[in-house]
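Accompanying notes for the structure given below.
The values are calculated or read from the model by the stated rules, or taken from the named source; none is laboratory data. Source: prediction; values computed, not measured. Cβ placement follows ideal geometry from the backbone for every residue including glycine, while neighbour counts extend to all protein chains displayed.
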Amino acid sequence: MTGIIHKLWREDSAETDTNNGSWDGAEKDGQGIGAPPSTGPRKNIGIFSATAMASILRLVGTPSMALILWGLGGIISYGGATAFIELGLMYRKNGGTMRFLGACYWLYAAGEDHNTGWNARGVGWGCITFVVKIIVLLIIVITGIVAAAGGIDIEKNDNWSRGFRGTNNDAHGYASALTKVFWAYDGFSNLVYSLGELRKPERNLPWSIGGAVGVVSFLYIMANVAFFFVVPIDVAIHSDEILAAEFSYRVFGSTFGKTVLPVFIGLSVLGAICAQTYGVFGFIPYGRKICGNNKRTGTPIASLVIMYVLTMIYLLAPPPGKVFDLLVDFVQWSTWLFYGLTAVGAIILRFRIPHHPLRTFKSFHPLNGLFILFCAFITVMPFVPPEGGDSGDPYPYYLSPLLGALTTLAGVVPWYFRMFWWADKTEQDYTQWVNDEEEAEKPVPGAEQITHV
């Protein structure tokens, strides 16, 4: 593991000059590796969630259709990941989606960036707990295979023998189900937020992100197969436990299933949160004050307090019971809107700047197009009434996408005042960075040949 970390992440500025795409001098803070930030993000904990998996099953009706959605989610996510790889190699500074959208549409960020040593610590903890997450998934997959082969005495069910009998055909339901599937896959973009610290990105970025999506897709599909070999469909839909805990309770008994495994899942979630909190590059108004380290403790106290307050609001806010689904759908609406716009931007830049000197990887446009279509589907269809006009939730079916749209539109106000009103008042140009980067791009000596996927 140490050898992989050394090879993938920058730790010596002498080896990471402009030939490797290091433009911001942040290489000395890098302590992580490429793949774990992609396979262990904050959101792919969804595979362990009883609420998310049960909701997907309830929305589509059968385990067979749910499994198809999980497989489709992997393919579609890979289509988006390749667009992020192409753009990441073209714009190799930290920033991720914000930087890509700025280059594609001149939608400049309303804020500042601030990077500290805690970024590396957070990503490092995420890398450690990434191993825990993979071990938990492997335990589920292996024991599911053993159970299916008759090696473990469990109650038989008809989850797979029923095939597609009872499958729903409500488009609104499928949009909501895909939102939750993508919530579990959302993580392929994490690495590009700290891309300025990755060694030899033209080599490491494609296999780190692409390989991570492939590994996660396989494990998610196999985990679903294992879950539904063991847990009956009616229990899965109505379970109040983490579905992985219900699974392991039936296989290993009460102590391991409801105590030990949830602890490991909690550690995995903690690592994912640390990686996201400290590792993702943020651009917000007054970013240095909010995200900067406290002078006495050396920790980003202000940002952690804000996150704590927001978390408590999310936990305690009504409506009870179904609030988790509401929050997932609410957050995912704007997330995948901007992901889709980023993929569109990758196609636009291919034609607008066909010979970009740093484009050492070219994504496959039909696969990008599939990703864009599904992003459009899960942002538009939630506004379409479900069959019968009732989603069965204690809140209107349109509430989560409406909140997502309003939150996105609300961001336009501070963006406008920052980028135009305040810029004119202080005579500052917050858009110059895009032009500077375009002017600074030069061919990379010894760059690898263009890779097509």
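Quick one: would you say residue 105 is surrounded by fewer than 22 Cβ atoms within 10 Å (Cβ to Cβ), hydroxyl-bearing (Ser, Thr, Tyr) and over 15 Å from residue 193 (Cβ atoms)? Break it down into steps so the answer makes sense when it comes.
Working: surrounded by fewer than 22 Cβ atoms within 10 Å (Cβ to Cβ): yes; hydroxyl-bearing (Ser, Thr, Tyr): yes; over 15 Å from residue 193 (Cβ atoms): yes.
Taking the combined requirement at face value, the residue satisfies it.
Considering each residue of the range 99-127, count those that are at pLDDT 65 or above and aliphatic (A, V, I, L, M), and give that number.
Summing the residues that are at pLDDT 65 or above and aliphatic (A, V, I, L, M) in the range 99-127 gives 2.
Please verify whether residue 102 is at positive phi and more than 19 Å from the chain's Cα centre (by Cα), treating the condition exactly as stated. Spell out how you get there, then give the answer.
Numbers: at positive phi: no; more than 19 Å from the chain's Cα centre (by Cα): yes.
No: the conditions fail for residue 102.
Hey, residue 326 hits all of (1) under 25 Å from residue 398 (Cβ atoms); (2) buried (at least 16 other Cβ atoms within 10 Å of the Cβ); (3) at pLDDT below 75 but one; which does it fall short on?
Every listed condition holds for residue 326 apart from (3).
Please go through (1) touching a Ser or Thr at 6+ places or on another chain (Cβ under 7 Å); (2) closer than 19 Å to residue 60 by Cβ; (3) of a type outside the set (Asp, Glu) for residue 363 and return the number of the only condition it doesn't satisfy.
If we test residue 363 against (1) touching a Ser or Thr at 6+ places or on another chain (Cβ under 7 Å); (2) closer than 19 Å to residue 60 by Cβ; (3) of a type outside the set (Asp, Glu), just (2) comes out false.
Hey, does the range 438-453 have a residue that's basic (Lys, Arg) and modelled with pLDDT of 90 or more? Walk me through it before giving the result.
So in the range 438-453, the residues basic (Lys, Arg) come out as 442.
Still in the running and modelled with pLDDT of 90 or more: none.
Among the residues of the range 438-453, not one is basic (Lys, Arg) and modelled with pLDDT of 90 or more, which makes the answer no.
Being more than 22 Å from residue 58 (Cβ to Cβ), of a type in the set (Gly, Ala, Ser) and in contact (Cβ under 8 Å) with a residue 12 or more places away in the chain, is that true of even one residue in the range 385-392? Lay out the reasoning, then the answer.
Here is the first cut: in the range 385-392, the residues more than 22 Å from residue 58 (Cβ to Cβ) are none.
Looking for residues that are more than 22 Å from residue 58 (Cβ to Cβ), of a type in the set (Gly, Ala, Ser) and in contact (Cβ under 8 Å) with a residue 12 or more places away in the chain, one finds none in the range 385-392, hence no.
For the range 179-201, how many residues are part of a helix (DSSP H, G or I) and in contact with a Phe, Trp or Tyr (Cβ under 7 Å, 6 or more places away or on another chain)? Talk me through it step by step, then tell me what you get.
Just the residues of the range 179-201 that are part of a helix (DSSP H, G or I), to begin with: 179-185, 190-197, 201.
Still in the list and also in contact with a Phe, Trp or Tyr (Cβ under 7 Å, 6 or more places away or on another chain): 181-182, 184, 192-194, 196-197.
Summing the residues that are part of a helix (DSSP H, G or I) and in contact with a Phe, Trp or Tyr (Cβ under 7 Å, 6 or more places away or on another chain) in the range 179-201 gives 8.
Could you check the range 393-427 and list, in sequence order, the residues that are touching a residue at least 40 places away in the same chain (Cβ under 8 Å) and charged (D, E, K, R)?
Correct list: 393, 418.
So if I check each of 269, 230, which one is under 29 Å from residue 140 (Cα atoms), at pLDDT 80 or above and hydrophobic (A, V, I, L, M, F, W, C)? Step through it out loud before you land on a result.
Details: 269 fails: at pLDDT 80 or above.
Going through 269, 230 in turn, just one is under 29 Å from residue 140 (Cα atoms), at pLDDT 80 or above and hydrophobic (A, V, I, L, M, F, W, C): 230.
Which one of the conditions (1) within 18 Å of residue 183 (Cβ to Cβ); (2) at pLDDT 80 or above; (3) surrounded by fewer than 14 Cβ atoms within 10 Å (Cβ to Cβ) does residue 311 fail to meet, given that it meets all the rest?
It is condition (2) that residue 311 fails.
Mind listing whichever residues of the range 80-100 are out of contact with any Cys (no Cβ under 9 Å at 6 or more places or on another chain), in a helix (DSSP H, G or I) and crowded, with 24+ Cβ neighbours inside 10 Å?
Keep residues of the range 80-100 that are out of contact with any Cys (no Cβ under 9 Å at 6 or more places or on another chain), which gives 81-86, 88-100.
From the residues that got through so far, the ones that are in a helix (DSSP H, G or I) too are 81-86, 88-90, 97-100.
Result: 81, 82, 83, 84, 85, 86, 88, 89, 99, 100.
Of the conditions (1) buried (at least 18 other Cβ atoms within 10 Å of the Cβ); (2) out of contact with any helix residue (DSSP H, G or I) (no Cβ under 8 Å at 6 or more places or on another chain); (3) not β-branched (Val, Ile, Thr), residue 363 fails just one. Which one is it?
The failed condition is (2).
State yes or no: is residue 158 out of contact with any Phe, Trp or Tyr (no Cβ under 9 Å at 6 or more places or on another chain), of a type outside the set (Val, Ile, Thr), within 18 Å of residue 231 (Cα to Cα) and modelled with pLDDT under 85? Steps first, please.
Working: out of contact with any Phe, Trp or Tyr (no Cβ under 9 Å at 6 or more places or on another chain): yes; of a type outside the set (Val, Ile, Thr): yes; within 18 Å of residue 231 (Cα to Cα): yes; modelled with pLDDT under 85: no.
So residue 158 fails the test.
Taking the criterion of being of a type in the set (D, E, K, R), farther than 23 Å from residue 169 by Cα and at pLDDT 75 or above, would at least one residue in the range 296-308 satisfy it? If you could, list the steps in order and put the result at the bottom.
The first filter runs over the range 296-308 and keeps only residues of a type in the set (D, E, K, R), leaving 296.
Next cut, farther than 23 Å from residue 169 by Cα only: 296.
Right, trim to at pLDDT 75 or above and you get 296.
Within the range 296-308 (the criterion being of a type in the set (D, E, K, R), farther than 23 Å from residue 169 by Cα and at pLDDT 75 or above), the answer is yes, since at least one residue qualifies.
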